[in-house]
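What follows is a short report on a single structure.
The values are calculated or read from the model by the stated rules, or taken from the named source; none is laboratory data. In this text the structure is predicted, and so the values were computed from the model without any measurement. Ideal geometry is used to build each Cβ from the backbone, glycine not excepted, and the neighbour counts take in all protein chains shown.
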Amino acid sequence: MVAALALLLSFLVPSAVAISPPDPPTVSKVGDSATAVKVSWSGVTGAKGYRIQYSTSASFGSPKFLPASTKSDPLTDTSAVVSGLSTGKQYYFRVAVVDPDSLKVLSQTYSKPVSATVSYPFRAPGDSTPSLITKRSAKLSWAAVPNATEYGVRLATSPSAKPKFYRTATNSISLSGLKANTLYYVKTYVGNTSKRISDYSPENQFVTSGYSNAAPSGLKVVSQGPGDVKLAWTALNPLPAGTKYVVSIATEFIYPVPGREPSVPLARFKGVRTRGPYTTNSATITGLVANTTYYAQVYLIGRQNQRITSSSDFVTAKTIVARGTISGKTTGVTGDDLTASAYLGNELVEQVTVGSDNAYSMAVRPGGYKVLITYTGSGNYASAWARSGKDGGRIPAEASVVNVARDKATTAPTVKLHTGAVVSGIVRDRSGRAVRDVDITALTAMTSAREVEVVGTSAPNGKYILRGLPDGRHWLRYAYSGDGFKTRSVEIVVTKGKITSVRVPPGKASTTSVRDPFTAVNVRLDNAPFRKRYKPSISGTRRVGSTLTGKVTPWLAGSNPTTKASMSLQWKRNGSSIRGATSSRYKLTAADRGKRITVTATGRRYGFSTSSLTSAKTAPIR
C-alpha cells in the first residue's frame, strides 16, 4: 500500500516545479569598459540559479547565454558582467530561473527584455587645433573631456597609412620628428596607446612647414568696417630677434579640382596682397572694398625681410556694407501706429516703426531713396509719401528723392498724415447671397501703375470695410480669393475724406448697386465660366431591354490649382427628359422603341455658371 502511494506521488509531483520569471533586469556600465555591461535583477523566491540570454535582435535571434554552456555552473548572484560585446551596438537582455544541474528554464518564460547600447564611458575630444607648426614639429590642443585623466593621439600621413600613437596626461601635446612639407591626419581620443575608452575625435589635418621657425597661430577677426578689417593673432613668445609679422590678404580662394589636387594640399589664393610689417600681434587692414570677402594669413619675416615661417591658417574676413542714415518726423497722428519704409526704385530696402515722439531713423546703403509713411492703426488715416514743400504724396512719383551718403545722416521731408475716407459695403453673388473671402483692394487711379493703397477682405456675411483712402481718384477691385467668380472693379473719388463720386464701368450696372450718397458700395459678382467643358457620350446596344451607359469627363473649373465641377446626368427621349433617369446607366423600355436617346450633363460648382451639354443622338431604338 505504501509503495503504491509513493508511486502515485511520483507522477503527481514533478522533479522541477515551475516558478515565476524574474522582473525585467537593469543594465549599467562597467568601469571604463566599452565591451562589457553589468546586468542586475531582483531575486526570485525559491530560485537556486539564473541564466542570462542576450542578442542584438529584439526577437533574440542567434542568442548568446551566460553561463555560455549547460555544463557550466548557473549564476547564483542577482547580477553578472556580460563581456565581449561590440561597442556602439544595441543589445537585448533577459533573465530566467534555471535548474542548477541542467540549466533548464524553470520559470514559465524569460523575464521581459531590456535593451542597452554598449558605449564608451567618455565622449570623444573635440576642437583639435594644430599650432606652432615647423618643418619637424607641431603642437596639438583640444577641448578637455570631463574626468578624463589620459589621452591618446593617432597620427598618420594618409587615411590608409600605418599610424603612430602618442599619449599625454593633458589636453595638448607637442609632436616632434615629423617630415617637412607633409600632410598629416590626426585624431584624438580618451585613453592611452593600448586602450581607447572614447570614440575618435573628428579627423583634423595639418601640413608641416618648410621653415624651422613656428608660424603664428590663433589668427582671428576682431572687427569689420565698410573699408577695413582688424585682425589679431597669438603673439610668439619669445619673438625671434629682429623678426616682424606680415599679413597677406587675398580676394579669392582656389578650391582644389577633384583629381588634380597638389601632392601637399596647401591653401591657394588669388589676388594676394601683403600688408606690414608689424611688430605687434594685431593689425588694421585699410583700403578694402565694402561688402567683400577677403582671406587673411599671417607669417614672419627676418632681418633681411626674408620669409622665415609658413603662413598661419587663414581666416575669412568680410567687410560690411557701407551705410548712411535717413531720419525724419511725422505729424497728424501718434507715431506708435506708423511705419516708415525706404524704397530704392520698386525695392523695399528698410522698414522701421515710427517712435512715440513721431521720429524715425533708418540705416541704408548710399543711394537715392523714397520714403513711405504707412498708417497701421485702426483709425481712418491715409498713408503718404514724403515730399518737399507739400503734404505727403499718394504715389511714388510724387515722392521726393532722399539722397544718402556713406556715414552721413540725411533728413527726409516731414510727413503730415490726414484723415482718409471709409468705404464699406456688402459683396453678393447674382442670387443675392453673401460672398465671403473676397479680397477688396483700393488702387490709385492716377497712373497706369495702379499702386496698392488699402486692402481688406469680405466677412462671412459679405461685409467689408476699407479705411484711410486719401483724397483723389481710386479703383476698388473685388477679386474672389477662392476658385470662381469674375473680378469686379468700381471707380470712386474721395474729396476731403468723403466719397463724392462712384462710377460703375459700362455694362456692369446690372450687377453692381451703389447707395447714394455713397455711404456704401455694394457689389454683385458674376459667376466665372468653366475653363473646360466636355460633351457626354453614350455606349451600349440600341435595343429594348438593353442598358445604355452615359459617360462624361468632369469639367475643369479653376487653374491654380485645377478643380473640377460636380456633374449630374439626365437621360432624354426625343429631347424630353425621362422621369427618374438620372444615373449613369439607363435600361431601354418599350416606350423608347423608334425614339432617339440622348444624355445631358450638367456641371455645377460654387462661383461658376451652371451649364449643360448634351450628347449626340442615338440611332432609333429597335
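Might you let me know whether segment 453-464 holds any residue that is more than 16 Å from Tyr478 (Cα to Cα), without any contact (Cβ under 8 Å) to a residue 40 or more places away in the chain and among the hydroxyl-bearing types (Ser, Thr, Tyr)? No, segment 453-464 contains no residue that is more than 16 Å from Tyr478 (Cα to Cα), without any contact (Cβ under 8 Å) to a residue 40 or more places away in the chain and among the hydroxyl-bearing types (Ser, Thr, Tyr). Count of segment 164-183 residues, restricted to those that are in contact with a Leu (Cβ under 6 Å, 6 or more places away or on another chain) and not aliphatic (A, V, I, L, M), is 1. Segment 1-56 holds strands (runs of 3 or more DSSP E) entirely within its bounds, and those carrying 2 or more residues that are at pLDDT 90 or above, touching a strand residue (DSSP E or B) at 6+ places or on another chain (Cβ under 7 Å) and closer than 24 Å to Ser198 by Cβ map to 26-29, 37-40. Any residue that is over 16 Å from Ser201 (Cα atoms) and not assigned by TED's automatic domain parsing to the domain that holds Thr76 - is there at least one of those in segment 90-99? No, that holds for no residue. Within segment 367-377, is there a residue that is of a type in the set (Gly, Ala, Ser), farther than 24 Å from Gly456 by Cα and either at pLDDT below 95 or touching a Ser or Thr at 6+ places or on another chain (Cβ under 6 Å) (or both)? Yes, the conditions are met somewhere in segment 367-377. Among the residues of segment 103-144, those that are among the charged types (D, E, K, R) and either on the phi > 0 side of the Ramachandran plot or surrounded by fewer than 16 Cβ atoms within 10 Å (Cβ to Cβ) (or both) comprise Lys104, Lys112, Arg123, Asp127, Arg136.
When segment 177-196 is limited to residues that are within 37 Å of the chain's Cα centre (by Cα) and within 12 Å of Phe122 (Cβ to Cβ), the one that is surrounded by the most Cβ atoms within 10 Å (Cβ to Cβ) turns out to be Thr188.
Based on what the data block shows, is Val352 of a type outside the set (Ser, Thr, Tyr) and free of Cβ contacts under 8 Å to residues at least 40 places away in the same chain? The answer is yes for Val352. Inside segment 221-258, residues that are among the basic types (Lys, Arg) and within 27 Å of Leu178 (Cα to Cα) make up a count of 1. In segment 446-457 there is at least one residue matching the filter, namely being surrounded by 15 or more Cβ atoms within 10 Å (Cβ to Cβ) and on the phi > 0 side of the Ramachandran plot. Counting only strands (runs of 3 or more DSSP E) that fall entirely inside segment 128-244 and contain at least 2 residues that are farther than 29 Å from Ile308 by Cα and modelled with pLDDT of 90 or more, the qualifying elements are 151-156, 164-168, 183-190.
Counting only residues that are farther than 23 Å from Asn346 by Cα and more than 41 Å from the chain's Cα centre (by Cα), segment 401-415 holds 0 of them.
Of the numbered criteria (1) of a type in the set (A, V, I, L, M, F, W, C); (2) buried (at least 20 other Cβ atoms within 10 Å of the Cβ); (3) farther than 30 Å from Ser62 by Cα, the one Val98 fails is (3). Here Val81 fits the description: touching a strand residue (DSSP E or B) at 6+ places or on another chain (Cβ under 6 Å), surrounded by fewer than 16 Cβ atoms within 10 Å (Cβ to Cβ) and among the aliphatic types (A, V, I, L, M). If I filter segment 408-417 for residues that are surrounded by fewer than 19 Cβ atoms within 10 Å (Cβ to Cβ) and within 30 Å of Thr610 (Cβ to Cβ), do I get at least one hit? Checked segment 408-417: no residue is surrounded by fewer than 19 Cβ atoms within 10 Å (Cβ to Cβ) and within 30 Å of Thr610 (Cβ to Cβ).
For Arg260, work out the one condition from (1) modelled with pLDDT under 90; (2) charged (D, E, K, R); (3) surrounded by 13 or more Cβ atoms within 10 Å (Cβ to Cβ); (4) over 19 Å from Gly210 (Cα atoms) it doesn't fulfil. If we test Arg260 against (1) modelled with pLDDT under 90; (2) charged (D, E, K, R); (3) surrounded by 13 or more Cβ atoms within 10 Å (Cβ to Cβ); (4) over 19 Å from Gly210 (Cα atoms), just (3) comes out false.
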